[in-house]
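*Asks:* I am attaching a structure below and will ask some questions about it afterwards.
All of the numbers you see were taken from the coordinates with simple rules; none came from a lab. This one's a predicted model, so the numbers in the text were calculated from it and none came from an experiment. Heads up, the Cβs are rebuilt from the backbone with ideal geometry, glycines too, and the neighbour counts pull from every protein chain shown.
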Amino acid sequence: MSDPSNSSGLLRRKSISDIAALEATGEGRLKRSITTFQLTCIGVGSTVGTGIFFIFSSAVPVAGPAVIFSFVIAAVTAGLTALCYAELASSIPASGSTYTYTYTTIGEFVAILVGACLILEYGVSTAAVSVLWSQYLNDLLDRTVGLRIPDVLSHAPGDGAGFGVNLPAIVLVALCAVLLIRGTSESARANAVMVVIKIGILAMFAIVGFTGFSLENLEPFAPFGVAGVGAASGLIFFSFIGLDAVSTAGEEVHNPKRTLPIALISALVVVTLIYLLVTMSAIGAQKYTEFEGQEAGLAEILQYVTGSSWPSIVLSAGAVVSIFSVTLVTLYGQTRILFAMSRDGLIPAVFSQVSPRSLAPVKNTIIVAFFVSLLAGFLPLDFLADLVSMGTLVAFIVVSAGVIILRRREPNIERGFKVPLYPVLPILSICACLYLISTLHIQTWILFAVWLAATSVLYFTYSRRRSALEPNRLQG
């Protein structure tokens with residue numbers, strides 16, 4: 001049961017036995033249909049493509065060729081956090097990711113704030129990568145048939161289109177929603193195929209890019225010094241967002257205590273290797289001063305290196321497929337977090353209603369797709385990316401702290417994986433996330449504070465009295 005000493009307070013908690021009891025009854029349970037390979041592909045699919053296809057145009061002008069170290073810093077931060085996720089996922093194998101872990105380790109009020117952070121991570125990230133998909137779709141159409149979707153129909157207001165709308169981004173969100181409504185297993189299989197394609201495309205970029213590698217392009221190596229490397233690290237972290245999507249599938253995988261840690265760590269290794277190869281190839285093939293302002297930048301680099309259009313056409317086509325898979329998985333992660341919050345009574349019950357046919361949260365998916373499509377259609381990319389990074393880093397801090405709290409509070413529970421060098425690595429993870437947060441713009445801090453304030457109002461006016469842990473619970 002929940003913590004009896006705090007049954008009506010802000011920090012009342014769900015116990016692991018509560019989660020186990022829910023699993024035993026099968027009440028509101030999602031269908032277990034995802035394999036270890038498919039789950040690893042969910043991690044890779046939600047990460048590779050989130051930033052690697054566009055991040056160079058904003059990160060390289062800030063750090064120069066030393067951007068490779070920025071990628072290393074971001075990778076280490078993601079790696080430390082992934083280890084913490086692996087331990088909590090193997091201890092609390094339930095849907096909801098960081099939200100559920102927070103509810104179990106810290107308490108209800110912090111959990112709903114973390115849920116708000118995850119809405120930024122998944123919901124806003126889905127919108128951001130949908131905007132990027134629109135860019136590569138336009139590039140592919142231009143290179144193949146010589147046509148471009150007019151700016152007024154492919155750029156949001158504030159993104160060079162006046163009163164325009166990003167229609168391709170909206171269409172992409174709708175397509176992903178349709179696939180998710182059909183069922184989780186079908187979506188996982190489609191994502192696995194798209195992940196294999198995207199890895200092949202990025203491998204092709206690295207191979208072709210290295211044929212144009214020149215040491216002269218690496219000089220000066222760090223034109224903006226350590227400050228530039230640090231600033232770029234905060235931007236680049238956006239490229240690692242999505243690894244934690246693995247943990248949102250805790251109720252839909254076979255043998256979660258074993259499968260979740262394996263999939264998390266495997267996805268991290270694959271993603272890091274891909275990023276480092278692509279980064280070295282890109283900065284060696286093109287002078288750092290030429291990256292700024294490039295749309296569909298990787299395709300432009302291939303065009304420059306080869307002097308031929310076919311490699312860039314292949315890459316643009318691969319990016320269209322790759323970013324589709326990212327959108328699919330991040331939309332999936334968003335719906336599962338809202339599913340968990342709804343089942344706990346903190347948001348309306350419609351988000352936890354499951355279709356009898358597909359055992360998928362269909363109404364949840366439709367609602368999320370509607371609001372995400374509005375963000376994708378009417379907000380510019382840069383605005384979206386910074387908010388995603390802030391929400392994710394805060395959630396990562398809570399996960400790392402959760403490992404320490406759960407080790408002290410429940411040292412004897414079964415753990416399928418344990419963070420090595422405890423408590424050093426969780427503490428380092430917290431410090432690394434705080435460092436990256438410090439590099440974000442002040443406007444992002446202000447918007448994030450407003451978002452958390454709005455969530456607090458929701459909690460005190462609605463969620464607290466309808467919580468499943470509330471003795472005198474209101475319905476509706």
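*Asks:* Work out how much length A174 to V196 would gain on full extension: take 0.36 nm times their residue separation and subtract the Cα-Cα distance, in nm to one decimal.
*Replies:* On the way: separation 22, 0.36 × 22 = 7.92 nm, distance 2.30 nm.
Contour length minus the Cα-Cα distance gives 5.6 nm.
*Asks:* OK, next. Within a 10 angstrom radius of the beta carbon, how do W310, W445, W451 rank from fewest other beta carbons to most?
*Replies:* The most exposed by this proxy come first: W310, W445, W451.
*Asks:* What FRET efficiency, computed as 1/(1 + (r/R0)^6) with R0 = 56 Å and r the Cβ-Cβ distance, is obtained for L153 and V76, rounded to the nearest 0.05?
*Replies:* Calculated transfer efficiency: 0.85.
*Asks:* State the Cα centre-to-centre distance between region 344-358 and region 225-285 in whole Å.
*Replies:* The two parts, judged by their Cα centres, are 30 Å apart.
*Asks:* Could you list C431, C41 so that the one with the fewest beta carbons within 10 Å of its beta carbon is first and the one with the most is last?
*Replies:* C431, C41
*Asks:* Still on this model: For Cα extents along the principal axes in Å, which listed value, [x] 75, 53, 43; [y] 69, 45, 40; [z] 73, 48, 41, comes from the coordinates shown?
*Replies:* Calculated Cα extents along the principal axes in Å: the matching label is [y].
*Asks:* Rounding to the nearest 20 debye, state how big the charge dipole of region 327-463 is about its Cα centre with +1 on each Lys and Arg Cβ and -1 on each Asp and Glu Cβ.
*Replies:* Roughly 460 debye for region 327-463.
*Asks:* Work from the charge dipole of the chain (Cβ charges, +1 for Lys and Arg, -1 for Asp and Glu, about the Cα centre) and give the residue of Y136, T98, G307 farthest towards its positive end.
*Replies:* Projecting each Cα onto the dipole axis, the largest value belongs to T98.
*Asks:* Could I ask something else about it? Which length gain, in nm to one decimal place, applies between C431 and L474 when the Cα-Cα distance is subtracted from 0.36 nm times their residue separation? Write down the numbers at each step before the final one.
*Replies:* Details: separation 43, 0.36 × 43 = 15.48 nm, distance 4.02 nm.
Fully extending the segment from C431 to L474 adds 11.5 nm.
*Asks:* Now, a different point. Could you tell me the relative contact order of the chain? Use alpha-carbon pairs under 8 Å, at least six residues apart, and round to a whole percent.
*Replies:* 32
*Asks:* Okay, moving on. Provide the per-residue ³J(HN,Hα) series for region 392-398, in order, calculated from phi with Karplus coefficients 6.51, -1.76, 1.60 and θ = phi - 60°, each as a whole number of Hz, with x at glycine and proline positions.
*Replies:* Here the 3J(HN,Hα) series is 5, 4, 5, 4, 5, 4, 5 Hz.
*Asks:* Once phi is turned into θ = phi - 60°, what whole-Hz ³J(HN,Hα) does the Karplus curve with 6.51, -1.76 and 1.60 give for every residue of region 74-87, x standing for Gly and Pro?
*Replies:* 5, 5, 5, 4, 5, x, 4, 5, 4, 5, 5, 4, 4, 5
*Asks:* Would you mind ranking L215, L10 so that the residue whose beta carbon has the fewest other beta carbons within 10 Å leads the list?
*Replies:* Numbers: L215 7, L10 13.
Fewest-to-most Cβ neighbours within 10 Å comes out as L215, L10.
*Asks:* I would also like to ask the following. For region 31-466, with only Lys/Arg (+1) and Asp/Glu (-1) charged at the beta-carbon, what is the dipole magnitude about the Cα centre, in debye rounded to 20?
*Replies:* On the way: 22 positive and 22 negative charges, 344 e Å.
So the dipole magnitude of region 31-466 works out to roughly 1660 debye.
*Asks:* Taking the alpha-carbon distance from K363 and a cut-off under 22 Å, which lysines remain once sequence neighbours fewer than 8 residues away in the same chain are dropped?
*Replies:* K31
*Asks:* Show me, for region 188-195, the HN-Hα J-couplings you get by feeding each phi into the Karplus relation (A = 6.51, B = -1.76, C = 1.60, θ = phi - 60°), rounded to Hz, glycine and proline as x.
*Replies:* 5, 5, 4, 5, 4, 4, 5, 5
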